[in-house]
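A quick write-up on the structure given underneath.
The values are calculated or read from the model by the stated rules, or taken from the named source; none is laboratory data. This one's a predicted model, so the numbers in the text were calculated from it and none came from an experiment. Quick reminder, even Gly has a Cβ in these numbers, built from the backbone with ideal geometry, and neighbours come from all protein chains shown. We work out accessible area using only protein heavy atoms, side chains counted, and drop any ligands, DNA or RNA first. Shrake-Rupley method; radii C 1.70, N 1.55, O 1.52, S 1.80 Å.
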Amino acid sequence: MSLPKTLAEDVARNLVMVARLIDEDPEEAYAYSRIALRLASRVAAVREAAGFAAYATQKYAEALAEFRAARRMTGSVDLWPVMADCERGLGRPERAMAMAGDPEVQKLDKAGQVEMRLVAAGARRDMGQIDAAIVTLQSSELASNSVQPWTPRLRYAYADALLEAGREDEAREWFGKALEADKDGSTDASDRLAELDGVEFVDVLGDDDDDAADDDAADEVAPRAEDGSDAREDEDDEDDVDLDGPADGSAKA
C-alpha cells in the first residue's frame, strides 16, 4: 500500500525510532510504534514493527495480534517462530509446540527453523520436559563447527538446558562453546561460566574509597558548621487488536 509523501515520511521517522530504541528503551520504542500504527495501520511493515515493540515490552497478546495481521497482509511465514513464542509468553506452551509441528515451519529459511527449534525447546521446558528440551536442541546446526548468527544462542540454550538437567560438566563445555562463538556479546555465557567456576566479582573501589569519600564530605561540611550555618539537604488472550478491521487473533526466555 502506498502512502502520500508527507504521511510516508512521518511513518518512516517513527519506524526508525522504533528500530533505534527497541533494545535500549523498549517502552519508548513501543510509544513510537503506536504513533506509526495510528498513521498507517494498513501497512504490513508498520504492523510488524508494532508487533516487535509490543513483544519487547512483554505485551504478548497485542504482539501476537499484530504479527497475525502482518502475516495476513504479506502471506510470509517469517514471523511464525515469534508468533509461537508469544504463545509461550501467554502461558500456552502447548500451542507453541503445535506450531512447531506445523507444515509452515518447512517453509522457513534456516535461521527461521533454528529459531523455531529454540522456541520449541523453551516450550518443552515450560512444560517441565527438560530431557525433551535437550533432545529438541540437538541438531546438525548445534553440532556444526561453522559459526552462524544463531550459533551463540543455540549453544547457550543447550548449555542452559543441560545445567537445569543437572549435567554441569556438559553445561560448562557448551557455555564455553557459546562464548567462543559469541563475538558480539549477545549472551551472558561468560558470566554463567564464571558462576559455574565459583568466580566472584569484587568491587574494585572497595570500602576504603567509600570511607575516603565520606571523610571528604565531612571536611566540606565542617567549616559551615563552625560558622553556625544551618545546612540542610533538601520515581488478552488471542483476541486480535487489528486497527483496520476484524481479524483472527522468546524472547520469553
>> How far apart, in nanometres, would the label points at Lys5 and Ser41 be if each is projected 7 angstrom from Cα along the Cα-to-Cβ direction?
In response: 2.8
> Carbon and sulfur: what percent of region 10-102's accessible surface (1.4 Å probe)?
Replying inline: 50
> In nm, to one decimal, how far is the modelled label at Gln148 from the one at Asp197, with both set 7 Å along Cα→Cβ?
Replying inline: 3.0
>> Once you keep just the Cα pairs under 8 angstrom separated by 6 or more residues, what percentage relative contact order results for region 87-128?
In response: 47
>> Give the residue list of trypsin sites (Lys or Arg not before Pro) in region 44-76 that are DSSP loop and have at most 16 other beta-carbon atoms within 10 angstrom.
In response: none
> Gap in Å between the Cα centre of region 1-27 and the Cα centre of region 49-83?
Replying inline: 16
> How far is it, in nm, from the label point at Ala31 to the one at Ser140 when both lie 7 Å from their Cα along the line to the Cβ?
Replying inline: 4.8
> Under 19 Å from the 7 Å Cα→Cβ point of Asp188, by amide nitrogen: which residues of region 40-66?
Replying inline: 56-58
